1. Test of the criteria: in the range 1-78, which trypsin sites (Lys or Arg not before Pro) are in a DSSP loop and have at most 11 other Cβ atoms within 10 angstrom of their Cβ?
2. Among Ser117, Ser73, Ser29, whose mean-square fluctuation peaks in a Gaussian network model of the chain (Cα, cutoff 10 Å)?
3. What number of lysine-lysine pairs in the range 17-238 show an alpha-carbon separation below 27 angstrom, given a sequence spacing of 8 or more or placement on distinct chains?
4. The range 155-231 to the range 64-86: how many Å between their Cα centroids?
5. Give a residue-ordered list of calculated ³J(HN,Hα) values for the range 17-28 (Karplus: 6.51 cos²θ - 1.76 cosθ + 1.60, θ = phi - 60°; whole Hz; x for Gly, Pro).
6. Considering only protein heavy atoms and a 1.4 Å probe, what is the carbon-and-sulfur percentage of the accessible area of the range 17-238?
7. Using the heavy atoms of the protein chains alone and a 1.4 angstrom probe, what is the accessible area of the chain per residue in square angstrom?
8. Within the range 128-211, report the trypsin sites (Lys or Arg not before Pro) that DSSP leaves as loop and that have at most 11 other Cβ atoms within 10 Å.
Amino acid sequence: MTAAILSPRLTPAKELAKALSQDGFVVASPDTVAEISGVPLANLQSLSQYWEGLPRDPYLKDGGRYRFRRHASFEIQNQKLNLVPHRAHWQSLDYNALHGGIERWFESVLPAVLNDSAWQGVLLGLANLLRGLKPVKTWFVEAHQFRIDTTDGIGRPTPEGAHRDGVDFVAVFLLDRVGIKGGETRIFDAKGSAGLRFTLTQPWSLLLMNDERMIHESTPIQPLADYGYRDTLVLTFRSNGFQDSPNRSQQ
């Protein structure tokens with residue numbers, strides 16, 4: 001028997017800010033993502049080519065070979081997107097008990113992606129939406145391209161388990177699901193036991209969360225046949241600077 005895939009309730013563009021303020025999270029369709037990004041959906045979908053050939057994540061402490069990623073950091077001010085010098089991704093142990101407390105230097109997002117108007121539209125569109133909820137001078141944004149595959153028979157999108165990221169807002173875009181089962185999204189109220197589970201299935205569908213209010217995780221994936229993978233783009237928005245190691249290094 002095949003397990004049913006739970007579909008989330010979708011919020012239209014004009015209701016995103018209100019729903020995010022009230023509920024702490026929203027789920028948006030690909031068409032809504034294109035609308036808030038100000039670019040055609042086909043242009044967003046063309047970005048998926050850049051998820052091929054991602055470098056393997058060398059920092060997995062469980063010894064897995066299932067995660068591939070690239071990383072970039074930006075400052076967004078006055079609707080201008082500025083790439084900052086490449087920097088380590090760092091989280092404290094308070095937010096990532098598995099991989100926190102270490103500087104993780106991932107390979108940079110490729111220039112072809114950074115210069116793509118669809119990529120820029122996604123970041124600027126979200127920044128504009130979030131500024132209506134929390135007026136800030138500068139958003140400090142980290143972008144992560146992820147591929148989780150089933151090389152080891154199982155892939156773990158969130159090996160650290162249910163967590164917060166230590167930022168203001170987290171955006172998770174599903175780009176593709178190929179030949180897998182699992183990868184269910186689970187979100188919980190950080191101050192209570194209320195929770196919701198669903199599976200993002202449409203390319204460029206979006207889960208947008210208030211990280212101060214919501215805890216989230218994604219369940220492991222398994223192949224339907226010999227091999228499968230799940231591609232996502234994760235953006236984090238922080239209003240008071242990047243998270244940096246107390247002993248920050250340069251590379």
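The values are calculated or read from the model by the stated rules, or taken from the named source; none is laboratory data. Keep in mind it's a predicted model, so treat the numbers as computed, not measured. Heads up, the Cβs are rebuilt from the backbone with ideal geometry, glycines too, and the neighbour counts pull from every protein chain shown. Surface areas here come from the heavy atoms of the whole protein model, side chains and all, with no ligands, DNA or RNA. Shrake-Rupley method; radii C 1.70, N 1.55, O 1.52, S 1.80 Å.
1. Those that pass, being in a loop and sparsely packed, are Arg9, Lys61.
2. It is Ser117.
3. Total qualifying Lys-Lys pairs in the range 17-238 comes to 8.
4. 20
5. 4, 5, 5, 5, 5, 6, 9, x, 7, 9, 10, 10
6. Carbon-and-sulfur percentage of accessible area, whole number: 47.
7. 46
8. Lys137, Lys191
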